[in-house]
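The structure under discussion appears below in the form of structure tokens.
The values are calculated or read from the model by the stated rules, or taken from the named source; none is laboratory data. Computed from a predicted structure; not experimentally measured. Cβ coordinates were reconstructed from backbone atoms using ideal geometry, including for glycine residues, and neighbour counts include every protein chain displayed.
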Amino acid sequence: MQKRHQAIPLHQAAQESPTFARLAEVIRESSSRLQAVHSLLPAPLRNSIQAGPLEDGCWCLLVNSNAVAAKLRQLVPALQAHLKQKNLDVSAIRIKVLNRTN
């Protein structure tokens, strides 16, 4: 990689750095899974769920409340089956409630 004295776009930096390239790929894979299950999620909850890390076949969904987490846990088997059908298989889906800071 060459030294640069000017700013470069993020996508270009990602292409030139193996670490950034891998991170960008993981983000794309996680986002594509969330997009694939979007229609299965109850409409009122959709804005409360974010794609989280995807590591070793385990996908994490980030939610903003315990109530959303509880409902989402009920949907995990359907989400996994749908992802498998779309060839976006995951071995497990974790749900993490984000901490709120005031």
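Of all residues in region 42-55, those satisfying the criterion of being under 11 Å from residue 26 (Cα atoms) and of a type outside the set (A, V, I, L, M) are 52, 53, 55.
Figure legend. Inter-residue proximity from region 35-46: first residues touching a residue at least 24 places away in the same chain (Cβ under 8 Å) and over 15 Å from residue 80 (Cβ atoms), second residues assigned to a helix (DSSP H, G or I) and of a type in the set (Phe, Trp, Tyr), beta-carbon distance below 7 Å, spacing 6+ or different chains. No pairs are indicated. Among the residues of region 6-54, those identified as part of a helix (DSSP H, G or I), of a type in the set (A, V, I, L, M, F, W, C), over 14 Å from the mean Cα position of the chain (by Cα) and modelled with pLDDT under 85 are 10, 13, 14, 20, 21.
Here's the yes/no breakdown for (1) out of contact with any helix residue (DSSP H, G or I) (no Cβ under 9 Å at 6 or more places or on another chain); (2) crowded, with 16+ Cβ neighbours inside 10 Å; (3) of a type in the set (Gly, Ala, Ser):
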{"position": "21", "(1), (2), (3)": "no, no, yes"}
{"position": "32", "(1), (2), (3)": "yes, no, yes"}
{"position": "41", "(1), (2), (3)": "no, yes, no"}
{"position": "50", "(1), (2), (3)": "no, no, no"}
{"position": "54", "(1), (2), (3)": "no, yes, no"}
{"position": "78", "(1), (2), (3)": "no, no, yes"}
{"position": "84", "(1), (2), (3)": "yes, no, no"}
{"position": "97", "(1), (2), (3)": "no, no, no"}
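Tallying residues that are without any contact (Cβ under 8 Å) to a residue 24 or more places away in the chain and under 12 Å from the mean Cα position of the chain (by Cα) within region 56-81 yields 0.
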